[in-house]
Amino acid sequence: MPIRRRSLAIGALAPVAASALALPALAQSDRPVRLIVPAPPGGPTDILARVTAERAAVLLGQPVVVDNRAGAGGVIGAEATFRAPADGLTLMVGHNQTHASNQHMMARLPFHVVDGFTPVAGLATVHHATVVAAGHRARSMSDLIAMGRNGGRVTYASSQAGSASHVIAETFVRRSGMEATHVPYRGAAPAATDTVAGVVDFYVATFPTVSALVREGRLRALSIGAAARVPDFPEIPTTAEAGVPFMAVDAWFGLFAPAGLPAAATERLARAFLAPLEEAEVQRRLAAAGFTLMPMQPPAFAAFQRAEVARWAEMVQLTGVRLED
């Protein structure tokens, strides 16, 4: 399958909020920073990268070039970052698959997800929701579980084999004692389309990818992995309310650099990419895209990543999900 690539230079001349003016010393080089996105244009990772890069370029005083390198469950983009010089000119927006679960699903991953990178900053999360077709007979998670027990069998979609949607759904199936068949798709859009059509019974999706279909009444959300009900969708119970608290697993996104990036460069980049998260306009744009902000400085983000690597290890071991190398 050909790798889709797309680069976009984010100029450094856009207006900057007053709160960001406290970082005038960040300007350092006219050479562009390459921000690798291990996903095609238009998805959550790409949206987050472009919104933050646009503002970070102002603070850095140099262009930020978004470079889409999709494929192999994020491994292509992550490997390109891993092999780049640790000079502060190559970064990537990584996530729970590229920098946690892949470590346990691939026998010959060409890098270690912790040792091979410098964690720079935590950025944001999105919730997962379990959805069925609007006319599906399951009205609750309990109904869905009952359908998959006692000799019954259900089907579930994922955005791709080995994705978070696959692992979380299979965790649900195993822990609920259900019988279910996994139907992998090439992307969230076709998975959602077939769920709407009733081709599959359910789909565990990042909520921003299906929220419009839920709002339009074409999908019904049985639960969402949030701590409290989402104000715009008060009818959707949380996973805890639905009796499946173990499904409260967010997709998370953060900034990584090659291993060995000096502390001064790490701190400089962290400040440039975290400062935009304090701006009202950036907050509005990311909230509209379904993100919850998760600003983390380098030490906190490094600790968070290590904990997530362990968390995903447990889920991968339970489910037995593997990716082909």
- Task: Could you state the accessible area per residue of the chain in Å², with a 1.4 Å probe and every protein chain left in place?
- Result: 42
- Item | Crossing angle, helix 164-176 versus the chain [Cα axis fit, 0-90 degrees, rounded to tens] | 40
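Just flag the GluC sites (Glu not before Pro) in segment 248-325 sitting in loop per DSSP whose Cβ has no more than 15 other Cβ atoms within 10 Å. Before the final figure, lay out the partial values.
Values: sites: GLU267, GLU278, GLU279, GLU281, GLU308, GLU314, GLU324; in loops: GLU279, GLU324.
In loop regions of segment 248-325 (DSSP not H, G, I, E or B), the sparsely surrounded GluC sites (Glu not before Pro) are GLU324.
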- Task: Calculate the length of the line joining the C-alpha centroid of segment 98-119 to that of segment 278-325, in whole Å.
- Result: 14
- Query: Computed FRET efficiency, Cβ-Cβ of GLN297 and ALA259, R0 22 Å: what is it to the nearest 0.05?
  - Reply: 0.75
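How much of the accessible area of the chain, in percent, comes from carbon and sulfur atoms when a 1.4 Å probe is used? Provide the component values of the computation, followed by the final result.
On the way: 7290 of 13540 Å².
Heavy-atom surface of the chain belonging to carbon and sulfur, 1.4 Å probe: 54 percent.
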- Shape metrics for segment 204-244, restricted to C-alpha atoms - Rg then Dmax, Å: 9.6, 26
- Task: Using label points projected 7 Å from each Cα along Cα→Cβ, tell me how many nm separate ARG153 and ALA84, to one decimal.
- Result: 4.6
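The values are calculated or read from the model by the stated rules, or taken from the named source; none is laboratory data. Keep in mind that what you see is a predicted model, and the values were worked out from it rather than measured. Don't worry about glycine lacking a Cβ; one is built from the backbone with ideal geometry, like all the others, and counts go over all protein chains shown. Ligands, DNA and RNA are stripped out before the accessible areas are found, and what is left, the full protein with its side chains, is counted by its heavy atoms. Shrake-Rupley method; radii C 1.70, N 1.55, O 1.52, S 1.80 Å.
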